[in-house]
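Only one structure is covered here, and it is reproduced in the block below.
Please treat every number below as a calculation from the coordinates, not as lab data. Source: prediction; values computed, not measured. Reconstructed Cβ throughout: ideal geometry from the backbone, glycine too, with neighbour counts over all protein chains shown.
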Amino acid sequence: MANIEQIKKLREETGVSMTECKNALEKGGDVEKAKKILRERGEELAGKRAGRTAGEGVIASYIHSNSKVGVLLDIRCESDFVAKSDDFKTLAHEICLQIAAAKPRYVREEDVPEEVIKEEREIILKQNEGSDKPKKIVEQIVDGRLKKFKKETVLLMQPWVKEEKQSIENLINEKIAKIGEKIVVNRFERYEI
């Protein structure tokens with residue numbers, strides 16, 4: 001049985017309803033396991049909402065204090081009500097900060113052009129040319145480096161700058177679980193002088 005202090009702590013840390021927090025704590029037993037359960041629930045909800053239309057949203061912006069970095073973000077949801085909510089605006093702001101700090105080039109993994117992957121693969125192969133490593137090991141190195149490249153350049157795959165253990169995709173899925181609507185990062189532009 002979850003105690004009220006654990007429920008309050010989980011609610012403060014995740015923003016999810018008291019009932020959802022209580023259920024997650026009863027399944028998980030402690031706050032960390034309950035957070036994992038809530039994150040998984042967000043991913044499950046995100047999957048269920050994949051076919052729904054995200055026709056509302058906001059254009060969020062961020063200008064860094066030095067006026068040398070700026071971000072424009074097109075983030076969508078299903079309803080105008082959610083688009084105007086503090087939770088959605090906060091998420092949009094966090095993603096703007098992420099883009100400003102981490103400099104992603106693409107929104108999703110499938111947005112990375114095939115020629116970019118091919119070029120990156122060739123660079124990694126050239127770096128390993130002439131080594132005595134077996135071909136299988138070289139291929140593992142290439143795969144590992146390509147995965148790292150995507151994690152650095154794809155927004156949804158990047159670790160969140162405020163909590164490295166969590167990806168941006170997980171952050172969005174948590175908001176989907178809390179808000180109950182599909183949320184999609186449509187596109188972004190990052191400017192730097």
>> Whether any residue in region 146-155 is of a type outside the set (D, E, K, R), closer than 21 Å to E192 by Cβ and not in a helix (DSSP H, G or I) is what I want to check.
In response: yes
>> Please go through region 148-181 and give me each residue that is under 19 Å from E56 (Cα atoms) and loosely packed, with under 15 Cβ neighbours inside 10 Å, ordered by number.
In response: G180
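Within region 68-145, considering only helices (runs of 4 or more DSSP H) that don't extend past its boundaries, which have at least 3 residues that are farther than 30 Å from I179 by Cβ and over 25 Å from the mean Cα position of the chain (by Cα)? Quick ask: steps written out before the conclusion?
Numbers: elements: 80-83, 86-102, 114-127.
Once the helices (runs of 4 or more DSSP H) in region 68-145 are filtered for at least 3 residues that are farther than 30 Å from I179 by Cβ and over 25 Å from the mean Cα position of the chain (by Cα), what remains is 114-127.
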> Taking only pairs six or more apart or across chains, which ones have beta-carbon atoms under 8 Å, a first residue in region 164-193 that is touching a residue at least 40 places away in the same chain (Cβ under 8 Å), and a second residue that is of a type in the set (S, T, Y) and outside any loop (DSSP other than H, G, I, E, B)?
Replying inline: E174/T14; K178/T14
>> When you scan region 182-192, do you find a residue that is surrounded by 14 or more Cβ atoms within 10 Å (Cβ to Cβ) and over 21 Å from R108 (Cβ atoms), even just one?
In response: no
